[in-house]
Amino acid sequence: MQKFEAKSVEEALKEACRVKGVTLDELKYYVIEEKPGGLFGIGSKGVVEAFTYNDVQQFLEQYVSAYFNNINMPVEVIVNRSENNEFKIIINADNNAILIGKNGQTLEAIKTIVNAAANATFRCHIHLSVDINGYKEERYEKLKQTVERIARTVVKTKVSARLGDLTSDERKIVHQHLSEMPHVKTESEGEGNNRRLKIIYVDKK
């Protein structure tokens with residue numbers, strides 16, 4: 001993040017907006033120091049650290065590219081940002097099987113590392129996903145088909161079903177996909193690595 005200093009926090013924020021070419025509503029910032037001055041405002045100071053979501057997007061592109069450069073693995077990195085300021089990192093590589101790992105475990109580890117770096121740099125939670133050669137999209141589609149079949153069985157038998165090990169983004173996909181399906185609801189149970197998703201029958205929905 002960039003640091004901006006002026007005679008007041010308001011002036012420091014104005015300078016940050018000018019430099020970054022955004023309005024105050026588009027600026028994310030932290031007040032680092034606010035010091036009132038003496039007579040006629042002499043000695044007053046305002047210091048802020050500020051960033052925009054464009055800064056986050058550039059950081060993600062540079063960080064992921066540097067990560068793979070350091071391990072001598074040529075990849076193409078594309079970072080897209082949604083209207084809700086969620087970031088999708090797309091990595092195109094020749095040896096995608098190595099990067100994905102068994103059941104996507106290596107891919108999930110890459111996401112964890114990048115997410116931790118972004119959160120630490122901007123001191124807030126950055127919503128992001130990582131996909132390699134379309135693996136996640138394909139997995140999401142298969143997951144939707146699978147949970148639909150399970151949900152239909154739950155409706156037919158009225159017996160709840162507990163899903164296997166899913167990542168946080170996969171649990172989110174299931175929640176969203178089944179949210180409009182009649183007579184079923186989804187609930188998460190457990191904590192950390194033991195967190196599981198349950199599909200439950202409901203009489204009315």
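Summary table below
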| quantity | calculated |
| --- | --- |
| Cα centroid of region 1-74 to Cα centroid of region 78-129, whole Å | 24 Å |
| Whole-percent carbon and sulfur share, accessible surface of the chain, 1.4 Å | 48 percent |
| Accessible surface ranking that places the most exposed of Thr121, Thr23 first, with a 1.4 angstrom probe | Thr23, Thr121 |
| Summed residue charge, Cβ within 15 Å of Asp131's Cβ, Lys/Arg positive, Asp/Glu negative | -2 |
| R0 of 22 Å, Cβ-Cβ distance Ile98-Lys142: FRET efficiency to nearest 0.05 | 0.55 |
| 10 Å binning of all Cα-Cα separations within region 147-205, expressed as whole percents from 0 upward | 25, 57, 18, 0 |
| Rounded to the nearest 10 Å², the accessible area of Cys17 at probe 1.4 Å | 20 Å² |
| Theoretical gain in end-to-end length, Lys198 to Leu27 [0.36 nm per residue, Cα-Cα removed] | 57.6 nm |
| Rg over Rh [alpha-carbon atoms, Kirkwood Rh] for region 67-205 | 1.03 |
| Lys/Arg +1, Asp/Glu -1 at C-beta; the chain dipole; positive extreme among Asn115, His125, Asn103 | Asn103 |
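The values are calculated or read from the model by the stated rules, or taken from the named source; none is laboratory data. Bear in mind that the values here come from a model prediction, so they are computed numbers and not experimental data. Using ideal geometry, Cβ is built from the backbone for each residue, glycine included, and neighbour counts are taken over all protein chains shown. In case anyone asks, the SASA skips ligands and DNA or RNA and just uses the protein heavy atoms, side chains included. Shrake-Rupley method; radii C 1.70, N 1.55, O 1.52, S 1.80 Å.
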